[in-house]
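The values are calculated or read from the model by the stated rules, or taken from the named source; none is laboratory data. Quantities reported herein were computed from a predicted structural model and do not represent experimental measurements. For neighbour counting, all protein chains shown are included, and Cβ atoms are generated from backbone atoms with ideal geometry for every residue, glycine included.
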Amino acid sequence: MRIVFAGTPEFAVPSLRALAAHHEIVGVITREDAPLGRKRVLTPSPVAQLASELGLPVYKANKLDDAATEWVNGLGADLGVIVAYGGLVREPLLSLPSHGWINLHFSDLPAWRGAAPVQRALMAGEQRLGVTVFRLVAALDAGAVLSRDARDFAPGTSAGDALTELAEFGTGALHRAIEVLELDPQAGEEQLGEATYAHKLSREDGRLNLTLPASAVLAHWAGVTPEPGAFVLFDEQPLKLHELRACGDEVSFEEDRAAGTVRLVSGRAILELTDASLELVRVQPAGKAAMAGADWLRGRGGEAVLS
């Protein structure tokens, strides 16, 4: 099948690579080069870099306007595939490929429609995360489903790690969806169930509530790591929590400690919560480099209270 592909971040790379191995990619749309690093060097997106390696024609645009539509119109594509492009596909572009457009979305639709499905699912304490390939329509993530799959993740798996695994895992569902369309161009099942929405995360979403149970704190941390980043307050300044994990049975929970208290236990920084403890593995104080949680705590005299 002749495919035009639209995607931008690292999470879209496995899909493009997998499709290119089995289909003819007639064009790739990705967002424009963005400034990265401390020197703000203009850098092509991960999808643009892979497309260049594969020798594929690339169109860079931050929105799919008339010019993008004209470019796609000249490709003669049978199908459009979009994976985390970062922009909306509207008419007449939506109807240009003869089989329309399909989208690989990282949730079990209609749950968690929107910009941050994996992040919001993890924050809600979900450990079984899905992928869905559906027909793109004008409404947000509401088209007919062609294939879906799901897998379990351990508690405390960060959104970054989960997305990396789902990006590879989802290529199977993407291949199955295209096979379905090749057999029946009209295929697709209506989404059933109550829709939930995964709104884009803000910096403030990263602040952890240390009055919640340990499982809820760990789930929240997982959902906002690495972006926008989890943090708490120490002496009214943000303390970023780059790595947080559940404690094993070797660490006894001290009920008489106030929630938010951090103490050194066998060389580890242990955060007491309302019902259990978590370990601060790696933290970053305001204005300083990231460091081991135990090293930071030693600099505070071996005990601190976070909020």
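Residues that are in a strand (DSSP E or B) and crowded, with 18+ Cβ neighbours inside 10 Å within segment 220-237 comprise Phe231, Val232, Phe234, listed in sequence order. In this structure, Gly160 qualifies as assigned to a helix (DSSP H, G or I) and either out of contact with any Pro (no Cβ under 8 Å at 6 or more places or on another chain) or not acidic (Asp, Glu) (or both). Screening Leu64 with (1) at pLDDT 95 or above; (2) in contact with a Gly (Cβ under 6 Å, 6 or more places away or on another chain) gives one miss only, at (1).
In this structure, does Pro226 turn out to be within 24 Å of Met291 (Cα to Cα) and not charged (D, E, K, R)?
On the way: within 24 Å of Met291 (Cα to Cα): yes; not charged (D, E, K, R): yes.
In short, yes.
The residues of segment 167-176 that are of a type in the set (A, V, I, L, M, F, W, C) and in contact with a helix residue (DSSP H, G or I) (Cβ under 7 Å, 6 or more places away or on another chain), listed by number, are Ala167, Leu174. Does Val217 satisfy being crowded, with 17+ Cβ neighbours inside 10 Å and either under 30 Å from the mean Cα position of the chain (by Cα) or within 23 Å of Gly160 (Cα to Cα) (or both)? Yes; evaluated as a whole, the condition is true for this residue.
Here Gln119 clears all of (1) free of Cβ contacts under 8 Å to residues at least 60 places away in the same chain; (2) more than 22 Å from Leu16 (Cα to Cα) except the condition numbered (1).
Quick one: in segment 259-300, of everything that is in contact with a helix residue (DSSP H, G or I) (Cβ under 7 Å, 6 or more places away or on another chain) and outside any strand (DSSP E or B), which residue is farthest from Leu208 (Cα to Cα)? If we take residues in segment 259-300 being in contact with a helix residue (DSSP H, G or I) (Cβ under 7 Å, 6 or more places away or on another chain) and outside any strand (DSSP E or B), then Gly267 is farthest from Leu208 (Cα to Cα). Of the residues Pro35, Pro14, which single one is under 22 Å from Gly160 (Cα atoms), assigned by TED's automatic domain parsing to the domain that holds Asn103, within 22 Å of the chain's Cα centre (by Cα) and part of a strand (DSSP E or B)? Sole residue among the options that is under 22 Å from Gly160 (Cα atoms), assigned by TED's automatic domain parsing to the domain that holds Asn103, within 22 Å of the chain's Cα centre (by Cα) and part of a strand (DSSP E or B): Pro35.
Which one of these is at pLDDT 95 or above, acidic (Asp, Glu) and not assigned by TED's automatic domain parsing to the domain that holds Ser107: Asp235, Asp249, Asp295? Can you show your working first?
Numbers: Asp235 fails: at pLDDT 95 or above; Asp249 fails: at pLDDT 95 or above.
Being at pLDDT 95 or above, acidic (Asp, Glu) and not assigned by TED's automatic domain parsing to the domain that holds Ser107 holds for just one of Asp235, Asp249, Asp295, which is Asp295.
Taking the conditions (1) crowded, with 20+ Cβ neighbours inside 10 Å; (2) under 14 Å from the mean Cα position of the chain (by Cα) in turn, Ala115 satisfies each one other than (1).
Which residue out of Val26, Val81 is closer than 27 Å to His199 by Cβ, in the same structural domain as Glu165 (by TED's automatic domain parsing), not in a loop (DSSP other than H, G, I, E, B) and not small (Gly, Ala, Ser)? Step through it out loud before you land on a result.
Details: Val26 fails: closer than 27 Å to His199 by Cβ.
From the options Val26, Val81, the qualifying one is Val81.
Considering Leu129, Leu75, Leu109, the condition of being buried (at least 21 other Cβ atoms within 10 Å of the Cβ) and in contact (Cβ under 8 Å) with a residue 40 or more places away in the chain is satisfied by Leu109 alone. Considering segment 1-18, and only residues there that are touching a strand residue (DSSP E or B) at 6+ places or on another chain (Cβ under 6 Å) and within 17 Å of Ala173 (Cβ to Cβ), the residue that is modelled with the lowest pLDDT turns out to be Met1.
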